[in-house]
1. Could you go through region 45-55 and let me know if any residue there is charged (D, E, K, R) and surrounded by 14 or more Cβ atoms within 10 Å (Cβ to Cβ).
2. Condition first: outside any strand (DSSP E or B) and over 20 Å from Asp134 (Cα atoms). Now tell me which residues in region 81-108 satisfy that.
3. Scan region 35-44 residue by residue and report those that are part of a helix (DSSP H, G or I) and open to solvent by 30 Å² or more (accessible area, probe 1.4 Å).
4. From the list His125, His69, exactly one residue is farther than 24 Å from Arg23 by Cα and in contact with a helix residue (DSSP H, G or I) (Cβ under 9 Å, 6 or more places away or on another chain). Which is it?
5. Can you tell me which residue among Pro10, Pro53 is modelled with pLDDT under 95, assigned to a loop (DSSP other than H, G, I, E, B) and under 26 Å from Gly128 (Cα atoms)?
6. Output yes when any residue across region 99-116 is surrounded by fewer than 17 Cβ atoms within 10 Å (Cβ to Cβ), free of Cβ contacts under 8 Å to residues at least 12 places away in the same chain and not aliphatic (A, V, I, L, M), and no when none is.
7. Any idea which of (1) in contact (Cβ under 8 Å) with a residue 24 or more places away in the chain; (2) part of a loop (DSSP other than H, G, I, E, B); (3) closer than 13 Å to Leu84 by Cα is the one Leu28 doesn't satisfy?
Amino acid sequence: GLESVERLDPYVRARGWTEFVNRVAPFLEAHPNASVLGDDRESLAHLIYGLRPYHYLRWAPPGSRIPDHYALTVPLREDPGKPLIYVTTRRTAAPVVERFRSATQLDEFVIQAAPGTTRHFEVWHLEGFRSYVDIPQGNQE
């Protein structure tokens with residue numbers, strides 16, 4: 001047999017995304033008024049395609065490089081006035097979640113796309129976006 005099958009698998013990059021969408025779907029069903037917030041193009045694109053959320057946003061601090069279409073067209077710029085379901089591939093979500101008045105981690109999981117290929121995700125419920133700018137310690141609400 002072949003030792004490195006994923007090297008020969010043209011679909012390895014596409015594997016695991018259905019499972020990912022299925023893991024996130026219950027959180028959007030539980031929070032029907034929430035918008036989806038993502039911080040990378042690939043996972044946000046799969047959520048949009050698989051779940052068809054009414055509203056979605058991209059984490060895109062002003063002044064940072066615009067890495068993709070979503071950062072250009074649907075950046076989070078101000079508090080949307082409703083909850084967000086934040087899905088991230090970051091190893092730590094702290095730099096994002098600390099920018100909100102309320103942050104509750106809903107899930108953390110790893111998808112095995114192929115032998116040796118895993119994707120790590122965290123899902124958060126966020127409310128009350130403050131700002132991308134650092135908030136002085138004495139001014140936190």
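1. As a first pass, look at region 45-55 and keep what is charged (D, E, K, R): 52.
Okay, now just the ones that are also surrounded by 14 or more Cβ atoms within 10 Å (Cβ to Cβ), so none.
No, that holds for no residue.
2. To start, the set of residues in region 81-108 that are outside any strand (DSSP E or B) comprises 81-83, 89-99.
Once the filter is applied, which keeps residues that are outside any strand (DSSP E or B) and over 20 Å from Asp134 (Cα atoms), region 81-108 yields Gly81, Lys82, Pro83, Thr89, Arg91.
3. Step one: list which residues in region 35-44 are part of a helix (DSSP H, G or I), which gives 41-44.
Arg41, Glu42 - these are the residues of region 35-44 that are part of a helix (DSSP H, G or I) and open to solvent by 30 Å² or more (accessible area, probe 1.4 Å).
4. Working: His125 fails: farther than 24 Å from Arg23 by Cα.
Within the list His125, His69, the selection yields His69.
5. On the way: Pro10 fails: under 26 Å from Gly128 (Cα atoms).
Checking each option against the conditions leaves just Pro53.
6. Among the residues of region 99-116, not one is surrounded by fewer than 17 Cβ atoms within 10 Å (Cβ to Cβ), free of Cβ contacts under 8 Å to residues at least 12 places away in the same chain and not aliphatic (A, V, I, L, M), which makes the answer no.
7. (2)
The values are calculated or read from the model by the stated rules, or taken from the named source; none is laboratory data. All of these numbers come straight from a predicted model, not from anything done at the bench. So basically every Cβ, Gly included, is an ideal-geometry build from the backbone, and we count neighbours across all protein chains shown. These accessible areas exclude ligands, DNA and RNA; they are computed on the full protein's heavy atoms, side chains included. Shrake-Rupley method; radii C 1.70, N 1.55, O 1.52, S 1.80 Å.
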